[in-house]
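The values are calculated or read from the model by the stated rules, or taken from the named source; none is laboratory data. Here the structure is a predicted model, which is why all the values come from computation and not from measurement. Note that each Cβ is placed from the backbone with ideal geometry, even for glycine, and that neighbours are counted across all protein chains shown. Keep in mind that these areas ignore ligands, DNA and RNA; they rest on the heavy atoms of the full protein, side chains included. Shrake-Rupley method; radii C 1.70, N 1.55, O 1.52, S 1.80 Å.
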Amino acid sequence: MAKDKKKKEEEKPKKNDFKSFLKKRAPIYLALIAMLVVFVIPEYTKGTLEKSFPEFSAEEQQVIDILMKYDGPNNDGLTVLEALENKIEEEYPNEKIYDHKKTVVDLVVTNVDSEEYKVNFNFKSHNGEMNYDWNVNVISEEISSNNPDAKYIIDLVNYYD
């Protein structure tokens, strides 16, 4: 009889504590995963202006860095990149414009002479086009505009408080 009791106890499947733990909390874990997928992942994959730039050589990248990181004579506040992003956001509010299939960011760097480069920034989308044209001196890091839109951006950066 004692052997029969032991056999019955051994034959009963043992309760798996981990399975029961997961079964009780599965809806909570699914909800957390769903929130992660809905809210967090799109923020990390969101397109930005800087991610839309094409690849450059080291020399061209230096010119782009000088231009985009320019933050005026006071060296604080708004940069050219931030001013461009703000202008685009102003033109296309509540849109994921960088993820739109008709959006094209074209940035062309051409060498004018040994110290000066010409940078053309063209932003084309389904609603229109924005063109900016600057000259960048790599020695003095001086930036001059060649069209009214580019001048507006430089003035905005220079006089930003």
How many residues does segment 68-90 hold that are within 18 Å of the chain's Cα centre (by Cα) and not β-branched (Val, Ile, Thr)?
12
The number of residues in segment 146-161 that are in contact (Cβ under 8 Å) with a residue 60 or more places away in the chain and farther than 11 Å from Lys87 by Cα is 6
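For every residue, the table says whether it meets (1) in the same structural domain as Ile64 (by the TED database); (2) touching a Pro at 6+ places or on another chain (Cβ under 9 Å); (3) within 17 Å of Met68 (Cβ to Cβ).
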{"residue": "Glu91", "(1), (2), (3)": "yes, no, no"}
{"residue": "Asn94", "(1), (2), (3)": "yes, no, no"}
{"residue": "Asp106", "(1), (2), (3)": "yes, yes, yes"}
{"residue": "Val112", "(1), (2), (3)": "yes, no, no"}
{"residue": "Lys118", "(1), (2), (3)": "yes, no, yes"}
{"residue": "Glu129", "(1), (2), (3)": "yes, no, no"}
{"residue": "Trp134", "(1), (2), (3)": "yes, no, yes"}
{"residue": "Asn147", "(1), (2), (3)": "yes, no, no"}
Identify, by number, the condition in (1) under 20 Å from the mean Cα position of the chain (by Cα); (2) surrounded by 13 or more Cβ atoms within 10 Å (Cβ to Cβ) that Ile153 doesn't meet.
(1)
Is it true that some residue in segment 44-64 is in a helix (DSSP H, G or I), at pLDDT 85 or above and aliphatic (A, V, I, L, M)?
yes
Tell me yes or no: at least one residue of segment 67-81 is in contact (Cβ under 8 Å) with a residue 12 or more places away in the chain, outside any loop (DSSP other than H, G, I, E, B), open to solvent by 20 Å² or more (accessible area, probe 1.4 Å) and closer than 19 Å to Lys151 by Cβ.
yes
Hits in segment 98-129 (condition: surrounded by 16 or more Cβ atoms within 10 Å (Cβ to Cβ) and not hydroxyl-bearing (Ser, Thr, Tyr)):
Val105, Leu107, Val109, Glu116, Val119, Asn120, Phe121, Phe123
